[in-house]
Each structure stands twice: as C-alpha cells, then as structure tokens.
Amino acid sequence: QVQFVESGGGLVQPGGSRTLSCVVSGTTFSHLTMAWYRRSSEKQRELVARVSSSGTTVYEDPVKGRFTITRNDSKNMVFLQMNKVVPEDTGVYYCNRAGPIYWDWGRGTQVTVSS
C-alpha cells in the first residue's frame, strides 16, 4: 500500500519561505510524474506543481516563479520549496502522483501564511 507522509508546514509570514517534504513508501515512483497539491477553505484540492521522471517541472500560475518542486528518487522523497509566500498560499499541502490516477492521500501538512 502506498503511503505519503508530508511535513514541513507551519506558520509563515508573508514574504517568507518554507520547505515541504514528502516521504513516499510502499512503491517506487522514479518512472512517474509526481506532484504537490493544496486544499484551502475556499478551494477544493488543486494542483500546485508537478515534476516528471526526467526532472521537467510545471507550475500552476499562482505559484509560478515562487515555488520549486524537486524529487529525490533514491530517497523516495518529493520536495516543495515555497518562497515569497502570500496569504493565498494558506492551505493543506499534499503530495501524490500526477493525475488522473491517484494513490490514497496522506494527511497533508498545513501551511498558514499570516503576520
């Protein structure tokens, strides 16, 4: 069974930075595109960024130029570096494979952007 453990969330001031980590167990994903998603009180879970097996990255417009997604296949981990955060980045962040097929979701990690 595939499991995700996301960590690194917390309270961040606007303009600050945060690094999220995701440990994936139960499978290897070196051949898959992996992604970060977030869910806020106003929006359902939405895609934030994805990284292909070759390292190609794609970002959704709200985070483009501010967030960086990376992966370490040898450690079965995916990362999200968040810079210049804004209040709209507040939410619960999850990692998973890129859609349309998903594994069971982890608990996510809460990021709150507030002064």
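The values are calculated or read from the model by the stated rules, or taken from the named source; none is laboratory data. Keep in mind it's a predicted model, so treat the numbers as computed, not measured. We place every Cβ from the backbone using ideal geometry, glycine too, and count neighbours over all the protein chains shown. We work out accessible area using only protein heavy atoms, side chains counted, and drop any ligands, DNA or RNA first. Shrake-Rupley method; radii C 1.70, N 1.55, O 1.52, S 1.80 Å.
The table below gives the values:
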item	result
Of residues in segment 6-44 being closer than 16 Å to ILE69 by Cβ and among the charged types (D, E, K, R), the one most open to solvent (accessible area, probe 1.4 Å)	ARG18
Out of ASP89, ASP104, sole residue that is of a type in the set (Asp, Glu) and buried (at least 16 other Cβ atoms within 10 Å of the Cβ)	ASP89
Qualifying residue in segment 96-104 (condition: modelled with pLDDT under 95 and polar (S, T, N, Q))	no
Within segment 62-115, considering residues that are among the polar types (S, T, N, Q) and part of a strand (DSSP E or B), the one farthest from CYS22 (Cα to Cα)	THR112
Candidate set from segment 61-77 (those that are under 12 Å from the mean Cα position of the chain (by Cα) and closer than 25 Å to SER114 by Cα); member that is most open to solvent (accessible area, probe 1.4 Å)	THR68
Residue in segment 49-59 that is surrounded by fewer than 17 Cβ atoms within 10 Å (Cβ to Cβ), in contact (Cβ under 8 Å) with a residue 60 or more places away in the chain and part of a strand (DSSP E or B) present	no
Set GLN13, GLN1: member being more than 15 Å from the chain's Cα centre (by Cα), in contact (Cβ under 8 Å) with a residue 12 or more places away in the chain and over 16 Å from THR112 (Cβ atoms)	GLN1
Pairs with Cβ under 7 Å, 6+ apart, first in segment 95-108 and over 18 Å from GLN81 (Cα atoms), second open to solvent by 50 Å² or more (accessible area, probe 1.4 Å) and aliphatic (A, V, I, L, M)	GLY106/VAL5
